Amino acid sequence: MTNSLSFLDRADRPRIVYSHRRAAPERVGAPTLVFLPGYASDMTGTKALALDAWAADTGHAMLRFDYAGCGSSSGAFEEQALADWLGDALALIDTVVTGPVLLVGSSMGGWLALLAALGRPQRVAGLIGIAAAPDFTMWGFSQEEKMTILTEGRLERVSEYGPEPMVTTRRFWQSGEGNRVLIGEIAYDGPVRLIQGQNDPDVPWQYALETAKQLRSTDVQLTLIKDGDHRLSRDGDIALLVQTVGNLMSDLSSK
């Protein structure tokens, strides 16, 4: 049940740093919990660490990692695109983890979870979105901001989550536009749980409804938290997340 830091080296991509907590003997065969961080975030956030603690307590396997250019992984942040980070996630699922996975995606990580489920439908047993932000390159910027991205190659915005400005590059934005999922049916049939705050200044809660609507799966549940913000990292929010993960993991493990 160790979870020391490890490294994924690839010839054509930066080195990825990850933490793989292996399953206790009685949990072997159950899905591995895989956490997908949000934009410019890493594997040491409150939600990721809370789920890692839950995995340690319950004996479940868990994978946390930093995208290229984020956290402890190699690479330059501004050289990365959405498709690159999807590739990082899929490479780890393909090479580090065996058997089924339960994806938990926060914000942009929720978008990547949907894309990963479409790319590996036989591996992704279920997914959970926390303030999931699919297609945010389409709805998350004003027309003026989009023009700045396209003409100048990058956009800086004041960040509510740290002292450094939030940078969006043309490369990332164009990759996002090329990987939109809400434009039609999301052809995934596994169970999906969406947790969304209605007081989220970054992701309007209506997009959670749209995501639920577009999913082909009939096993989709949406939990709205009326006073919930984007981070959903308060004690009550974390308790709800852990409960949601535990319930879905139990359902999947019993099949």
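The values are calculated or read from the model by the stated rules, or taken from the named source; none is laboratory data. Source: prediction; values computed, not measured. So basically every Cβ, Gly included, is an ideal-geometry build from the backbone, and we count neighbours across all protein chains shown. Surface accessibility is based on the protein's heavy atoms, side chains included, excluding ligands, DNA and RNA. Shrake-Rupley method; radii C 1.70, N 1.55, O 1.52, S 1.80 Å.
Checking each residue in the stretch 149-171 for being touching a strand residue (DSSP E or B) at 6+ places or on another chain (Cβ under 9 Å), closer than 29 Å to Thr46 by Cα and not charged (D, E, K, R) picks out Leu155, Val158, Ser159, Pro165, Met166, Val167, Thr168, Thr169. Close Cβ contacts (under 8 Å, 6 or more residues apart or on different chains) running from residues in the stretch 188-211 that are free of Cβ contacts under 8 Å to residues at least 24 places away in the same chain to residues that are among the aliphatic types (A, V, I, L, M) comprise Trp205/Leu224; Leu209/Leu222.
Taking the residues in the stretch 172-200 that are in a strand (DSSP E or B) and not small (Gly, Ala, Ser) as candidates, determine which candidate is farthest from the chain's Cα centre (by Cα). Even if it seems obvious, please write down each step before you answer.
Of the stretch 172-200, the ones in a strand (DSSP E or B) are 186, 192-197.
Okay, now just the ones that are also not small (Gly, Ala, Ser), so 186, 192-196.
Working: Ile186: 16, Val192: 13, Arg193: 13, Leu194: 12, Ile195: 13, Gln196: 14 Å.
Within the stretch 172-200, the match that is farthest from the chain's Cα centre (by Cα) is Ile186.
Take the residues in the stretch 76-127 that are part of a strand (DSSP E or B) and farther than 10 Å from Leu36 by Cα, then tell me which one is farthest from the chain's Cα centre (by Cα). Step by step, filter the stretch 76-127, then rank; the result is Ala125. For the stretch 229-255, filtered to residues that are over 24 Å from Gly59 (Cα atoms) and in contact (Cβ under 8 Å) with a residue 40 or more places away in the chain, the residue that is least open to solvent (accessible area, probe 1.4 Å) is Leu232.
Kindly indicate the residue of the stretch 11-27 that is in a loop (DSSP other than H, G, I, E, B) and at pLDDT 95 or above and also nearest to Gly87 (Cα to Cα) among those meeting that condition. Filtering the stretch 11-27 for residues that are in a loop (DSSP other than H, G, I, E, B) and at pLDDT 95 or above, the one nearest to Gly87 (Cα to Cα) comes out as Arg22. Taking the condition within 28 Å of His60 (Cα to Cα), of a type in the set (Lys, Arg) and crowded, with 20+ Cβ neighbours inside 10 Å, does Arg193 pass? Yes; evaluated as a whole, the condition is true for this residue. Inside the stretch 130-181, residues that are within 16 Å of Leu82 (Cβ to Cβ) and surrounded by 14 or more Cβ atoms within 10 Å (Cβ to Cβ) make up a count of 28.
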